Amino acid sequence: MARVMVVDDEKGVRITLGLFLENCGHHVVTAQDVNTACTLLEREAFDVVISDVLLPGVTGVELLKRVKAVDSNVQVVMMTGQPSAETASEIVRCDAFDYLLKPISKAKVIETVARAATMKCLLDEKRDLEEQNRRHREDLAQLVAERTRGLAESEERFRAITSAARDAIFMVDGDCRIQLWNPAAETILGYTAEEAIGKNAKQFFPELCEIEGPGECLRSKDSDTGNAGLTFEVTAERKDASTCPMELSVSRVHFQDSSHAVVIGRDITERRKATAAMVLAKEKAEAADRAKSEFLADMSHEIRTPMNAIIGMAELALDTSLTQEQRECLDTVMSSAEALLGLINELLDFSKIEAGKLELESSPFNLHTLIEDTARALAVRAQLKGLVRSSAMSALTYRRA
């Protein structure tokens with residue numbers, strides 16, 4: 001039910017209208033003048049105000065204006081026993097809900113208040129909806145502003161990254177046309193962003209071709225697979241007509257409802273030079289190893305020939321009549337020559353050592369004889385220096401050897 005205020009300087013009218021409305025379930029408050037009515041408006045809210053036009057001190061029209069100033073949705077019904085065209089016109093201009101003539105019937109009062117209360121309810125709902133819409137618009141505007149700011153910041157970060165990158169970064173659409181071209185690409189290829197954007201990527205990378213199907217990325221002519229995450233090498237053509245080898249890494253991204261390819265290109269000229277230098281150095285090292293092995297083989301062969309002659313002549317001399325001292329000297333020559341020949345043969349196995357194919361042999365030997373032969377070879381030099389050469393080995397060691 002509605003909250004109604006009845007304003008009239010006649011007490012009987014206030015009581016009668018109050019009873020009519022309270023019997024219909026409305027909450028009714030009465031006032032005898034405009035000042036009292038304004039005081040009540042400050043303390044509580046009303047849905048409908050029924051006021052006489054003629055009031056002591058201030059007219060009901062002034063009250064109508066004050067009510068509308070407090071809450072424009074409050075419906076004001078004006079009453080008068082002395083109607084005039086001028087008064088009616090002013091009441092309409094001040095947005096009164098209705099204009100009733102005294103005496104007013106009970107049914108007319110109840111029906112008018114019911115319509116006014118319904119209008120107040122509708123206007124309040126409208127105001128609430130407008131307020132909700134206003135808040136929604138503000139929230140939406142704030143969200144759009146935040147999203148826009150976020151996108152702007154994200155774009156700024158992306159541009160900062162692409163601008164600071166030392167590798168060329170560019171993006172192509174499904175028609176292989178360049179949509180993005182960073183400063184490094186300008187430096188490497190010589191084309192500015194204005195010159196490159198909108199051009200076909202094959203103009204700068206002739207070895208690239210489009211794969212079938214719209215929205216797909218790029219691939220190399222030498223590649224049989226799709227290129228999401230593909231890395232390959234191509235030859236790029238610079239603006240000055242020179243060329244440079246580049247390594248391209250291609251990835252697929254979805255942008256503006258279509259597939260694009262983001263390409264990161266790196267100039268590999270220096271890397272190829274370094275690789276070529278490493279290959280050349282390796283070939284030189286292998287050639288030097290081969291030359292060393294050939295030199296050792298040749299020298300070993302040249303030394304073996306006179307050594308065979310020395311061994312042969314020593315064997316012939318041993319077959320002749322010799323004194324004991326001469327025989328011992330020739331035996332020393334023989335053992336030393338055979339040791340040197342063995343060393344020469346080992347030099348021939350140097351290539352096997354480098355190839356990791358050297359095989360160790362296990363064979364029996366006489367330790368006493370080995371030590372005596374070694375010491376005998378050093379006897380002459382020791383004697384020239386006034387040294388006494390001697391060797392000894394325990395019987396146990398001799399038996400074990």
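Considering segment 50-66, and only residues there that are more than 21 Å from T112 (Cα to Cα) and of a type in the set (V, I, T), the residue that is surrounded by the fewest Cβ atoms within 10 Å (Cβ to Cβ) turns out to be V58.
The residues of segment 230-258 that are of a type in the set (G, A, S) and either within 17 Å of N200 (Cβ to Cβ) or in contact with a helix residue (DSSP H, G or I) (Cβ under 6 Å, 6 or more places away or on another chain) (or both), listed by number, are A236, S258.
Which residues, taken from segment 73-87, are touching a helix residue (DSSP H, G or I) at 6+ places or on another chain (Cβ under 8 Å) and modelled with pLDDT under 80? Answer for segment 73-87, where residues must be touching a helix residue (DSSP H, G or I) at 6+ places or on another chain (Cβ under 8 Å) and modelled with pLDDT under 80: just T87. When V4, V77, V67, V49 are checked against the criterion of being within 25 Å of R127 (Cα to Cα), among the β-branched types (V, I, T), touching a residue at least 12 places away in the same chain (Cβ under 8 Å) and touching a Cys at 6+ places or on another chain (Cβ under 9 Å), a single residue qualifies: V67.
Each row is one residue, and each column tells you yes or no for (1) free of Cβ contacts under 8 Å to residues at least 12 places away in the same chain; (2) closer than 30 Å to E247 by Cα.
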residue	(1), (2)
K273	yes, yes
A277	yes, yes
K282	yes, yes
E286	yes, no
T305	yes, no
G312	yes, no
E315	no, no
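For segment 113-168, the set of residues classified as closer than 30 Å to I268 by Cα and in contact (Cβ under 8 Å) with a residue 12 or more places away in the chain consists of T162, S163, A165, R166, D167, A168, listed by residue number.
Remark: L341 falls outside the filter, which requires a residue to be at pLDDT 85 or above and surrounded by 10 or more Cβ atoms within 10 Å (Cβ to Cβ). Within segment 7-33, the set of residues being among the small types (G, A, S) and part of a loop (DSSP other than H, G, I, E, B) comprises just one member, G25.
For the residues A45, A69, A37, the requirement of being surrounded by 15 or more Cβ atoms within 10 Å (Cβ to Cβ) and either assigned to a strand (DSSP E or B) or of a type in the set (A, V, I, L, M, F, W, C) (or both) singles out A37. Does D319 satisfy the condition of being acidic (D, E) and touching a helix residue (DSSP H, G or I) at 6+ places or on another chain (Cβ under 7 Å)? No.
Kindly indicate whether V109 is assigned by TED's automatic domain parsing to the domain that holds L122 and at pLDDT 90 or above. Don't jump to the end; show me each part of the working.
Details: assigned by TED's automatic domain parsing to the domain that holds L122: yes; at pLDDT 90 or above: yes.
Yes: the conditions hold for V109.
All but one of (1) of a type outside the set (D, E, K, R); (2) out of contact with any Phe, Trp or Tyr (no Cβ under 6 Å at 6 or more places or on another chain); (3) buried (at least 16 other Cβ atoms within 10 Å of the Cβ) hold for S154; state the number of the condition that does not hold. Looking at each condition in turn, S154 falls short on (3). If you filter segment 1-14 down to residues that are touching a strand residue (DSSP E or B) at 6+ places or on another chain (Cβ under 8 Å) and surrounded by fewer than 17 Cβ atoms within 10 Å (Cβ to Cβ), you find that the one that is nearest to E62 (Cα to Cα) is D9. Out of all the residues in segment 114-123, is one or more at pLDDT 90 or above and surrounded by fewer than 13 Cβ atoms within 10 Å (Cβ to Cβ)? Looking through segment 114-123, at least one residue is at pLDDT 90 or above and surrounded by fewer than 13 Cβ atoms within 10 Å (Cβ to Cβ). Looking only at segment 48-66, filter to residues that are touching a strand residue (DSSP E or B) at 6+ places or on another chain (Cβ under 8 Å) and in a helix (DSSP H, G or I); which one of those is nearest to D9 (Cα to Cα)? Top of the filtered list is G60.
The values are calculated or read from the model by the stated rules, or taken from the named source; none is laboratory data. The shown structure was predicted, so the numbers you read here are calculated from the model rather than taken from an experiment. Glycine gets a Cβ as well: all are built from the backbone with ideal geometry, and neighbour counts include every protein chain shown.
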